[in-house]
Amino acid sequence: MTLDINPRETGFVRLDLREVFGNDHRVVLEIGPGKGRFLIASAIEQPDTNFIGIEKSLHYYRVIRERAAKRNLTNVRLINHDAFLVLRDMLADQSIDEIHIYFPDPWPRKRNQKRRIIRPEALKEMARVLAPNGRGIYVTDHREYFEAAAPLIEQFFRTDRHVPKPEDPARTNYEAKYREEGREIFEVRFGNLEIEN
C-alpha cells in the first residue's frame with residue numbers, strides 16, 4: 001500500500017478516489033496538515049473514512065508520511081504539492097465530504113497575498129469538489145487574514161463564524177501552542193447546507 005499520490009510522476013490527472021482507496025467511504029481533505037496531528041488522529045479514530053492531506057512542505061510531508069506508515073494507516077493518502085493545483089486538476093466534482101484548513105500561511109505582505117489558499121479561485125474549486133452535503137472549516141490566529149477570508153468564504157458557501165471555546169480540543173500543534181500563548185483563534189465553518197455548531 002502506498003501513501004503517496006505524486007503528480008510529479010503521474011501528471012495532474014483526475015483521481016478516482018474509489019480506485020485510490022479501494023473503497024467508496026467518505027473522503028476528508030486537509031489542506032496543509034503540517035505535522036499531521038489532525039489528519040493522523042482523525043484517521044485512527046475514523047477507520048471507515050478516507051483522508052487526503054495536501055502538504056506543500058516536503059519536510060512536513062515526510063513527517064506525516066512516516067507517522068502514517070508507522071501506524072499502518074490504510075485510509076490516508078498524501079500529496080506533496082500546491083493545494084490549488086491539486087484541487088483544480090486532480091479532484092473530481094463533489095468527491096470530497098469535508099475540507100479542513102487549519103492555520104494556513106497568512107502571507108501578510110500585500111504582494112504575496114495572491115498565494116493565500118483562501119482566495120476566490122481556490123474557493124471556486126473547493127465549492128466544485130465539495131459534496132452536496134459537504135462541509136468545511138477554516139481556522140487562523142491571524143486577524144487580518146480572517147477578516148479578509150471570512151467574507152470571501154461567505155460568497156461561496158453558507159457559513160458560521162465561530163470562536164473556539166477553551167474546552168474545545170486543540171486540533172493542531174499550532175492551535176495548542178497559540179492557545180497556550182493566549183492568542184485569539186478565529187474560525188469559519190462552511191458548507192452547502194446549514195452549518196451545525
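The values are calculated or read from the model by the stated rules, or taken from the named source; none is laboratory data. Bear in mind that the values here come from a model prediction, so they are computed numbers and not experimental data. Neighbour counts run over all protein chains shown; Cβ positions are idealised from the backbone, glycine included. For accessibility, only protein heavy atoms count, side chains too; no ligands or nucleic acids. Shrake-Rupley method; radii C 1.70, N 1.55, O 1.52, S 1.80 Å.
Among the protein heavy atoms, those of LEU73 account for about 10 Å² of accessible surface (1.4 Å probe, every chain in place). The peptide list 148-161, 105-118, put in order of mean Cβ contacts within 10 Å with the highest first, becomes 148-161, 105-118. The simple spin-label model puts a point 7 Å past each Cα toward its Cβ; for ASN133 and ASN23 those points are separated by 1.8 nm.
Taking loop as defined by DSSP and a crowding limit of 12 other beta carbons within 10 Å, which trypsin sites (Lys or Arg not before Pro) in the stretch 1-57 fit?
Values: sites: ARG8, ARG14, ARG18, ARG26, LYS35, ARG37, LYS56; in loops: ARG14, ARG26, LYS35, LYS56.
Taking the stretch 1-57 and a limit of 12 other Cβ atoms within 10 Å, the loop trypsin sites (Lys or Arg not before Pro) found are ARG14.
Remark: for residue pairs LYS70/LYS114; LYS70/LYS177; LYS56/LYS165; LYS110/LYS177; LYS110/LYS165, the C-alpha separation exceeds 28 Å in LYS70/LYS114; LYS56/LYS165; LYS110/LYS165.
The solvent-accessible area of HIS142, taken with every protein chain present and a 1.4 Å probe, is close to 50 Å².
In square angstrom, rounded to the nearest 10, how much accessible surface does TYR174 have for a 1.4 Å probe? Using a 1.4 Å probe on the heavy atoms, I get roughly 100 Å².
Rg/Rh for the chain (Cα atoms only, Rh after Kirkwood) is 0.94. Subtracting the Cα-Cα distance of VAL63 and GLU45 from 0.36 nm times their residue separation leaves 4.5 nm of extension gain. What the stretch 94-187 shows is 54 Å² of accessible area per residue, with the surface traced by a 1.4 Å probe over protein heavy atoms. Per DSSP helix of 4 or more residues, -39500 (n - 2.57); summed, then divided by the residues of the chain. What does that give at 222 nm, rounded to the nearest 500? After summing the helix terms and dividing by the residues of the chain, the value is -10000 deg cm²/dmol.
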